[in-house]
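Since the structure comes first, as structure tokens, the remarks are kept for the end.
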Amino acid sequence: MQSKEAALILTRTQIVPLQEMMELYGSDVWHYAFFLTRSRDAADDISQEVFLKAYRSAGAYRGQASFKTWLLTITRNTCFSWKRNCFWRRFLPLGSHGTAEYTRSAEKEALGKQYTNRIWELIMELPDKYREVLVLDMRQELSVAEMAALLGVAQGTVKSRLSRARGKIRAAIKEEQL
């Protein structure tokens, strides 16, 4: 990934192809937008807007953070604008997009999806500040330093929020006996 990222280093005179940006980071941007908005349709729209914004302002990338962190910052700000400008709709996730390495029985598959759905429902019920750090850690695999830079908070705050988010999910799982 490092070589791909190095190829995306921008200067004021060089513009990275939009398609290349979308191929490398499209999934990350979409998933982050989805977890912030809880809406597939909004994540689709926001992802498109993020890449257009990034393409238009490619010269503004200063290289102080990784290109992925820069895109996720644009995604975060675009999501917050979306939240301010429209009615909040509640959405429950449809489950995991992962694939199994082996074939399970239909019953085990259904139970597994049901369990996964419930875990994601619990994550989506967390307050925004806890849900956001948990998703950045689990889904985007950002370091504590990258999360702190993205969120504009201290690294200790990120660690604290991450710990509390994990604790809340563990408690909810234990309470529901999942």
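Details
- Meets criteria (more than 20 Å from Asp128 (Cα to Cα), surrounded by 12 or more Cβ atoms within 10 Å (Cβ to Cβ), at pLDDT below 75 and not aliphatic (A, V, I, L, M)) for Gly95: no
- You will find that of Trp82, Trp70, Trp88, Trp120, the residue that is modelled with pLDDT under 75 and either surrounded by 13 or more Cβ atoms within 10 Å (Cβ to Cβ) or over 13 Å from Phe35 (Cβ atoms) (or both) is Trp88 and no other.
- Residue satisfying all of: in the stretch 23-32; surrounded by fewer than 22 Cβ atoms within 10 Å (Cβ to Cβ) and among the hydrophobic types (A, V, I, L, M, F, W, C); farthest from Cys79 (Cα to Cα) among these: Leu24
- Cross-chain or 6+ apart pairs with Cβ under 8 Å, the stretch 123-150 first and of a type in the set (Phe, Trp, Tyr), then at pLDDT 90 or above: Tyr130/Arg161; Tyr130/Arg164; Tyr130/Ala165; Tyr130/Lys168
- Helices (runs of 4 or more DSSP H) lying entirely in the stretch 126-178 (those with 3 or more residues that are surrounded by 14 or more Cβ atoms within 10 Å (Cβ to Cβ) and either modelled with pLDDT under 90 or hydroxyl-bearing (Ser, Thr, Tyr) (or both)): 128-138, 155-176
- Single residue of the stretch 33-53 satisfying the filter (among the hydroxyl-bearing types (Ser, Thr, Tyr) and over 20 Å from Phe67 (Cα atoms)) that is surrounded by the fewest Cβ atoms within 10 Å (Cβ to Cβ): Ser39
The values are calculated or read from the model by the stated rules, or taken from the named source; none is laboratory data. Because the structure is predicted, anything quoted here is derived from the model rather than measured. Glycine also receives a Cβ, built like all others from the backbone with ideal geometry; neighbour counts cover every protein chain displayed.
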